[in-house]
Amino acid sequence: MTLKINLRHVSFALTLLLLICSGCGIYSFTGTTIPPDVKTISIQNFENLTGEGPANLTQVVTNNFTDYYRRNTNLIVTQTEGDLQLEGQIVSFNYSPAAIQREGQNDIAGLNRLTLGMQVRFTNTKQPEKDFDQTFTISQDFPQDLDITQLSTLQIEQLSERLVTDVFNKTVADW
């Protein structure tokens, strides 16, 4: 028995599926669930309360949030009074030994771990039941011989972006 697939029927079915998924205006193929009446998001600077990390850490984190929401939603980023509002602080930037190993009489770090933590307050002016105030933390391990001052801006940006993804998923992807 052979199965003949009519290209016209497949095309029609895919078009119909696309219209159904996008027609309600709530779900998108980026995984977001943003109601149609939510048009803007305001993102405040994420100040570094730790005194640790690179001098531009506030700028790196804030820019990552702004860029990520612009790339993955149709929301307009505003300075204040958005339908959705993000604000918070960097509360930890720690570089500490991990994977301790014993060499002779000495304990040494097999790896070093950088941990970035942020306190994030999210306000949804359209659905206040979705508001939260939560700490998000992400870690990355680095070789033992890499000093914190040797971390590249790219490595810190990548760590920050992973944390931004977690916040994004909690705010507009309902994960």
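The values are calculated or read from the model by the stated rules, or taken from the named source; none is laboratory data. From a predicted model like this one, the values you see are computed outputs, not experimental measurements. For neighbour counting, all protein chains shown are included, and Cβ atoms are generated from backbone atoms with ideal geometry for every residue, glycine included.
At-a-glance table
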read-out: Index of the failed condition, THR50 passing every other in (1) in a loop (DSSP other than H, G, I, E, B); (2) among the polar types (S, T, N, Q); (3) over 22 Å from THR149 (Cβ atoms); value: (3)
read-out: Subset of segment 144-175 (residues that are closer than 26 Å to LEU84 by Cα, acidic (Asp, Glu) and not in a helix (DSSP H, G or I)); value: ASP174
read-out: Tabulated pairs, segment 125-136, first surrounded by 12 or more Cβ atoms within 10 Å (Cβ to Cβ), second assigned to a loop (DSSP other than H, G, I, E, B), C-beta under 8 angstrom, 6+ apart or interchain; value: THR125/GLY82; THR125/ASP83; LYS126/PRO35; LYS126/ASP37; LYS126/VAL38; LYS126/ASP83; GLN127/PRO35
read-out: The lone exception for ASN94 - which of (1) closer than 30 Å to THR33 by Cβ; (2) in contact with a strand residue (DSSP E or B) (Cβ under 8 Å, 6 or more places away or on another chain); (3) surrounded by fewer than 16 Cβ atoms within 10 Å (Cβ to Cβ) it fails; value: (1)
read-out: Boolean, ARG71 is under 25 Å from SER139 (Cα atoms), modelled with pLDDT of 90 or more and either over 18 Å from the mean Cα position of the chain (by Cα) or not hydroxyl-bearing (Ser, Thr, Tyr) (or both); value: yes
read-out: Subset of segment 68-89 (residues that are acidic (Asp, Glu), surrounded by 15 or more Cβ atoms within 10 Å (Cβ to Cβ) and not in a strand (DSSP E or B)); value: ASP83
